[in-house]
Structure formats: C-alpha cells, structure tokens
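For reference, the structure discussed in these notes is given below.
The values are calculated or read from the model by the stated rules, or taken from the named source; none is laboratory data. Computed from a predicted model, the values in this text were never measured in an experiment. All Cβ positions, glycine included, derive from the backbone under ideal geometry; neighbour counts span all protein chains shown.
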Amino acid sequence: MTEAVIEFKDTTIFQGDVPVVNNLTLTLNKGEFVYLLGKTGSGKSSLLKTIYGDLTLKQGYAEVCGFKLHQIKRKEVPFLRRKLGIVFQDFQLLSDRTVFENLRFVMKATGWKDEAKIKNRVKDVLAKVGLETKEQVMPFKLSGGEQQRISIARALINEPEVILADEPTGNLDPETSEGIMKLLFEISKQGRCVLFATHDLLMYSKFPARTLLCENGHIADSLAVK
C-alpha cells in the first residue's frame, strides 16, 4: 500500500500577491524518488519553500508529514521541519568546526540532549553515507562530494520522512554527482520520499524516475501523462 507524505489539492502558491504555481493537485508517497524540473523562476523554489513552511499557503489544501499547511501556525513550523531533511547545493556546513560538531550542532538545535545518543547517531548517519572515518575532520579538508555527503548525513539526523534536495549536484563534477544520485536513490528505497530539484538533465537521463515539470505557472506530473 502507498502512504502519502506530501499532498496538495487545488492549491495555488503565491510569492507575495503573485501566483507562481496554479491549480496544483499532487500526491507524493513514502519511498518515492521524484524529480522537480524547471527553469529559474518557474516555481520550483516556491514549491519547496511551501513544503518546509517558509511560504504561507494562502489558497487550497496541503498536508506534509501530517501537518496541514493551510492551517499551520508559525510555532508549529519547527516541528514540521523535524520531519524533513533538506540538502542544499552549497552544503551549508559550518567551516569553524569538525564534521562531528556540525552534526551535533543541528541535533542540539532540534532537541537532542543525551551526549551518548548524539555520538551514536552521528556514527550511524556517517556510516550511511560512507564517511564514518571523517568525524573529526574539518569540512574544508573534504572534497565537494564528501561535503555533500556530510550534508546528506545532516539531513538524515532526525529520521525524516521526506528529503528535499535543492540542486544538490549543482557544484559537483559528473562522477561525484553520480555517486550522490546513487546515495539518494538508496535512501528512497529505504522508505523515505526524496524530492530532487535540478537543472541537470544528464543526471535525469541516467537515473530516470517520476518527474514534476514546472512551466508556465503549472506543474505537470509524468505519472499523469502515462
């Protein structure tokens, strides 16, 4: 049975007073890998920002990981974000502290208190991304691909139901990008929904999957075309 983790019904997404995505009806399920394609300004970022509660939903119905976005209060947004893991193009690691301290910082900020549990969880997520030996390394001593793997480990810390990957291979060479793609596909097979925003059509052609195309104020779903 499929289990929905993201659902939009008759939704219009606004930037200020301007509608950028119109009449969106969409369901994403647990364990799916889904591409989000579109040019700059097509609405990709607005959709992602709506999902993680940065843009207020003014029209329509949307539910993400059990949170109704059309009703959500500002004080509830941090709890929504604990259900999400976000991977950015530019890694956003803290350059003045080790890999372990980067991950610990996020954990403390999201309510972890027990230091033994923090250490065990850090070891666990670093093992998942193949970097268990890099705990005490400073980020600037890592390659771009390794830094992106650390940011994926950070996104996995709180056992999220959804991973939002925003151009995660944009700063990486093709071979390194392929490794990151394989890792994210593996994560989706373990039961998480991965929404992968990209311009990189080469990766898309190598790793085909369901696709959402942002264009002319609408999002077309490849599932609906079949």
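Quickly run through segment 113-128 and pick out the residues that are under 18 Å from F185 (Cα atoms) and either in contact with a helix residue (DSSP H, G or I) (Cβ under 8 Å, 6 or more places away or on another chain) or among the charged types (D, E, K, R) (or both). Answer for segment 113-128, where residues must be under 18 Å from F185 (Cα atoms) and either in contact with a helix residue (DSSP H, G or I) (Cβ under 8 Å, 6 or more places away or on another chain) or among the charged types (D, E, K, R) (or both): V125, L126, K128. Scanning segment 176-206 for residues that are exposed (fewer than 15 other Cβ atoms within 10 Å of the Cβ), in contact (Cβ under 8 Å) with a residue 40 or more places away in the chain and of a type in the set (K, R) yields one hit, K189.
Quick one: which residue in V137, V125 is modelled with pLDDT of 95 or more, surrounded by 15 or more Cβ atoms within 10 Å (Cβ to Cβ) and more than 18 Å from the chain's Cα centre (by Cα)? Step through it out loud before you land on a result.
Values: V125 fails: more than 18 Å from the chain's Cα centre (by Cα).
So the residue among V137, V125 that is modelled with pLDDT of 95 or more, surrounded by 15 or more Cβ atoms within 10 Å (Cβ to Cβ) and more than 18 Å from the chain's Cα centre (by Cα) is V137.
Taking segment 136-174 as the range and being more than 11 Å from V194 (Cβ to Cβ), of a type in the set (G, A, S) and part of a helix (DSSP H, G or I) as the test, the residues that pass are G144, G145, S151, A153. Summed over segment 162-181, residues that are closer than 29 Å to F79 by Cα and among the charged types (D, E, K, R) total 2. Taken together, the residues in segment 52-89 that are assigned to a strand (DSSP E or B) and either more than 13 Å from the chain's Cα centre (by Cα) or charged (D, E, K, R) (or both) amount to 7. Looking at T12, T27, can you tell me which residue is over 26 Å from T169 (Cα atoms), of a type in the set (S, T, N, Q) and either without any contact (Cβ under 8 Å) to a residue 24 or more places away in the chain or part of a strand (DSSP E or B) (or both)? T12 is the lone residue from the list that is over 26 Å from T169 (Cα atoms), of a type in the set (S, T, N, Q) and either without any contact (Cβ under 8 Å) to a residue 24 or more places away in the chain or part of a strand (DSSP E or B) (or both). Out of segment 129-156, which residues are over 14 Å from D90 (Cβ atoms), touching a residue at least 40 places away in the same chain (Cβ under 8 Å) and touching a helix residue (DSSP H, G or I) at 6+ places or on another chain (Cβ under 6 Å)? Correct list: V129, A153, L156. Cβ separations smaller than 8 Å between residues 6+ apart or across chains give the following pairs from segment 207-221 residues that are farther than 13 Å from E32 by Cα to residues that are modelled with pLDDT of 90 or more and of a type in the set (V, I, T): L213/I219; C214/V21; G217/V20; G217/V21; H218/V21; I219/V21; D221/T211.
Here's a check for you: in segment 24-37, which residue that is surrounded by fewer than 20 Cβ atoms within 10 Å (Cβ to Cβ) and either out of contact with any strand residue (DSSP E or B) (no Cβ under 8 Å at 6 or more places or on another chain) or not charged (D, E, K, R) (or both) is nearest to L184 (Cα to Cα)? Checking each candidate, the answer is G31. Scanning segment 1-23 for residues that are under 16 Å from R210 (Cα atoms), surrounded by 14 or more Cβ atoms within 10 Å (Cβ to Cβ) and either touching a helix residue (DSSP H, G or I) at 6+ places or on another chain (Cβ under 7 Å) or among the hydroxyl-bearing types (S, T, Y) (or both) returns a single hit, I6.
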